[in-house]
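The values are calculated or read from the model by the stated rules, or taken from the named source; none is laboratory data. All figures in this text were calculated on a predicted structure; none of them were measured in a lab. Every residue, glycine as well, gets a Cβ built from its backbone with ideal geometry; the counts of neighbours run over all protein chains shown. Ligands, DNA and RNA are excluded from the accessible area calculation, which covers all protein heavy atoms including side chains. Shrake-Rupley method; radii C 1.70, N 1.55, O 1.52, S 1.80 Å.
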Amino acid sequence: MNTLENKTTVNEHYLKTLISKMTGYSKSNSRTSVSDAMIAAVGAFCCVLPVFVLTEYTNSIWFIASFGASIMLVIAAWNAPVGQPRNVIGSYLIASIISLTISTQFGSSPILISLALCLTIFFMLLARTFHPPACGNTIIIMMGDYGWDFIFHPVLLGTIIIVIFALIINNLHPKRKYPMYWW
C-alpha cells in the first residue's frame with residue numbers, strides 16, 4: 001500500500017468516526033410533567049411582566065432579549081448549574097464588562113465581536129459562572145451603542161429581578177428548593 005492510499009484510508013476512517021459520533025447514542029431522557037410545564041409558563045409570565053411594565057413606565061430599557069432564555073433556565077432548569085443565581089448574575093456581569101471594554105476602546109467589527117464572545121466564554125468557565133444566555137448579552141452590547149451604565153441597568157438590576165422571581169416561584173412548589181447553591 002502506498003503512502004497516498006494509506007492517508008486516504010486514515011482520512012476515511014477519521015471521517016466515519018467523526019460522523020458516527022454525531023448520530024447520538026441514546027434517547028432523550030427529558031421528561032416534563034404538565035405541572036412543571038405550567039410552573040414554567042406561569043413563572044416566565046411573572047418574571048417578564050414586571051420588567052416590561054418598568055420599561056413602559058420609566059421609558060428606559062429593563063429587558064434585553066437574552067433575559068428570555070435566562071428566565072427559561074431559572075424556572076424550567078431550576079436545579080441545573082446554568083440556572084443558579086451565581087451563574088445568572090455573574091455571567092451577565094462578565095459578558096458586560098468584557099463587551100463594554102472592547103466596544104468602548106476599539107469599536108465593533110466581526111473580529112471584535114468574535115473576540116468578545118470567545119473571551120466571555122473563557123472567563124465564564126474560569127469563574128465557574130456558566131450561563132449561555134449571557135453570551136447573547138455580549139452580542140447585544142457589541143452590536144449596540146451602550147455605555148458603562150448598561151452594566152447596572154438593565155444587566156445587574158434585570159438579573160437580580162429574574163433571580164428574585166425565580167426564588168419565589170420555584171420555592172412555592174413543595175418539591176423544589178431553589179437555589180441549589182449561591183457560591
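Which shape class applies to the range 49-99: rounded if a/c is under 1.5, otherwise prolate when a/b exceeds b/c and oblate if not, where a ≥ b ≥ c are the square roots of the Cα gyration tensor eigenvalues? It comes out oblate by the Cα gyration axes. Pull out a ≥ b ≥ c, the square roots of the eigenvalues of the alpha-carbon gyration tensor of the range 39-78, then state rounded if a/c is under 1.5, prolate if not and a/b is larger than b/c, and oblate in the remaining case. Oblate is the answer for the range 39-78, as a/c is 1.5 or above yet b/c matches or exceeds a/b. Projecting the Cα positions of Gly90, Trp148, Ala37 onto the charge dipole of the chain (unit charges on Cβ atoms of Lys, Arg, Asp and Glu, taken about the Cα centre) puts Ala37 furthest along the positive direction. Between the helical axis of 3-21 and the longest alpha-carbon principal axis of the chain there is an angle of about 30 degrees.
Stretching Phe106 away from Ala69 to a fully extended chain increases their span by 10.5 nm, per 0.36 nm per residue minus the current alpha-carbon distance. If you plug the beta carbon distance of Glu56 and Asn171 into 1/(1 + (r/R0)^6) with R0 = 25 Å, you get a FRET efficiency near 0.30. Principal-axis analysis of the Cα atoms of the chain puts helix 110-126 at an angle of about 80° to the longest axis. Label separation (Trp183 vs Met38): 3.9 nm, computed from points 7 Å beyond Cα along the C-beta direction. In terms of packing, defined here as the mean over residues of other Cβ atoms within 10 angstrom, the peptides 15-25, 144-154, 83-93 line up highest first as 83-93, 144-154, 15-25. Separation of the range 117-183 from the range 31-95 is 9 Å, based on Cα centroids.
If you wrap the range 119-182 in the convex hull of its Cα atoms and look at it from every side, the mean projected area works out to 5.2 nm².
Our summary gives the chain a relative contact order of 27 percent, counting only alpha carbon pairs under 8 angstrom and 6 or more residues apart.
Compute the helix-to-body angle for 157-172: its Cα long axis versus the longest principal axis of the chain, expressed 0 to 90° and rounded to tens. With rounding to tens, the tilt is 90 degrees. Excluding ligands, DNA and RNA, the accessible surface per residue across the range 1-156 is 62 Å² with a 1.4 Å probe. Treating r as the C-beta distance of Cys46 and Trp148 and R0 as 25 Å, the FRET efficiency rounds to 0.25. For the chain, what number results from the quotient of the Cα radius of gyration and 2.2 N^0.38 Å? Rounded to two decimals, the normalised Rg is 1.31.
For the range 102-146, the square roots of the Cα gyration tensor eigenvalues, ordered a ≥ b ≥ c, give a/c of at least 1.5 with a/b greater than b/c, which places it in the prolate category. Applying 1/(1 + (r/R0)^6) with R0 = 30 Å to the Cβ-Cβ distance of Lys21 and Leu157 gives a FRET efficiency near 0.10.
Heavy-atom surface analysis with a 1.4 Å probe gives the range 32-183 a carbon and sulfur content of 74 percent of its accessible area.
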